[in-house]
Amino acid sequence: MTDLSKTPEKTAQKTAEQATDQAGPAPFGTPAAITVTGVDRVFGKRKREVVALSAVDLTVAAGEFVSLIGPSGCGKSTLLRLVADLDQPSGGTIAVFDKSAEQARLDQDYGIAFQQAGLLPWRTVAANVELPLKLHGAGSAERKARVAELLDLVGLTDFAKSRPDQLSGGMQQRVAIARALAEQPRLLLMDEPFGALDEITRERLQAELVRICRETGAAVLFVTHSIPEAVFLSDRVVVMTPRPGRITDVVTVPETLRARTDATRDHADFLHTVAAVRAALHGGHEPAEDLA
């Protein structure tokens, strides 16, 4: 874990358990949102074998925001998919709130959002947000009330009857986030949800996500290529190596940055933390320009 009392360029490694000690506060006895222990993921066989992840250990506390960052191909999205039970590890274990990843999926303990909003074009905004509730048998009155609550949360009440193609990219992503929150998950899994957006929209949605997380108390595992985005949003930034993906450093974001306002990006500690994450990334072999 990087100690920002030292120069930003000097990074240090500590265990996942030590990193968890510095996680955001959670009630005593609350199980960790995510516990990854000794996880490997190998694709293919023999001569065509590709080791995507190797001996990954990670704990995300309840209510904590953790970002995964690293060069393309380092296994960030693979790790997120394993937590989501969209794929299975070749070795090791994954627990979500002390359950198997499969059981957590069945219990709707997490919501998930990808880089593409993935909205159904023939359904209205309200109908897209409502879909998970409808699929899991919620009653009409319950669905209507929950959709209204979620659209208010993401600032899209006036667009409830609009179709996705009538919305901007940023608005579509807000719909996707609302849909991910439909069943009040305790965990959000987000794979570069703002990666395709312009910088102005991206920063606006980062602020929206901060507000939503505060209001819902959900833990977040967030995949990004953007160092400033990771530092602005996160309690901890987890740095991964090129393939085979391993965790090489965990940078804790200082308490001075936890307000996460527009002024945060100009704070000296923000610049120092960005530098610390960049220094940790430079410990790998990927060109810096690929990590912007």
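Couple of notes before you dig in:
- Of the residues V250, V66, V56, the one that moves most in a GNM of the chain with alpha-carbon contacts below 10 Å is V56.
- Loop trypsin sites (Lys or Arg not before Pro), segment 63-138 (other Cβ atoms within 10 Å of the site Cβ: 15 or fewer; DSSP): R123
- Comparing D152, D235, D266 in a Gaussian network model of the chain, where Cα atoms under 10 Å apart are tied by springs, the biggest mean-square fluctuation is seen for D266.
- Ignoring the sites themselves, the chain has its longest run without GluC sites (Glu not before Pro) in a DSSP loop having at most 12 other Cβ atoms within 10 Å at 50-292.
- Our note on the geometry: Cα centres of segment 199-223 and segment 38-79, 23 Å apart.
- Separation of alpha-carbon centers, segment 121-144 and segment 152-183, rounded to whole Å: 13 Å
- When only alpha carbons of the chain are considered, Rg and Dmax amount to 18.8, 57 Å.
- Dipole of the chain [Lys/Arg +1, Asp/Glu -1 at C-beta], most positive-end residue of Q108, V253, V60: Q108
- Projecting the Cα atoms of L120, V83, G283 onto the charge dipole of the chain (Cβ charges, centred on the Cα centre) puts L120 farthest toward the positive pole.
- Where trypsin sites (Lys or Arg not before Pro) fall in DSSP loop in segment 192-292, at most 14 other Cβ within 10 Å: R258
- DSSP loop chymotrypsin sites (Phe, Trp or Tyr not before Pro) with at most 13 other Cβ within 10 Å: longest gap in the chain: 123-292
- Taking the longest Cα principal axis of the chain as reference, the axis of helix 169-180 is set at about 90 degrees.
- Net charge contributed by nearby residues that have their C-beta within less than 14 Å of P31 (K/R +1, D/E -1): -2
- Only lysine pairs 8 or more places apart, or on different chains, with alpha-carbon atoms under 28 angstrom apart are counted in the chain, and they number 12.
- Efficiency of FRET from Cβ geometry, A207 and E142, R₀ 30 Å, rounded to 0.05: 0.50
- Between 0 and 90°, nearest 10: helix 268-281 axis offset from the chain longest Cα axis: 70 degrees
Values in this text are rule-based calculations from the coordinates and carry no lab data. All of these numbers come straight from a predicted model, not from anything done at the bench. In this analysis, Cβ positions are derived from the backbone assuming ideal geometry, glycine residues included, and neighbour counts consider all displayed protein chains.
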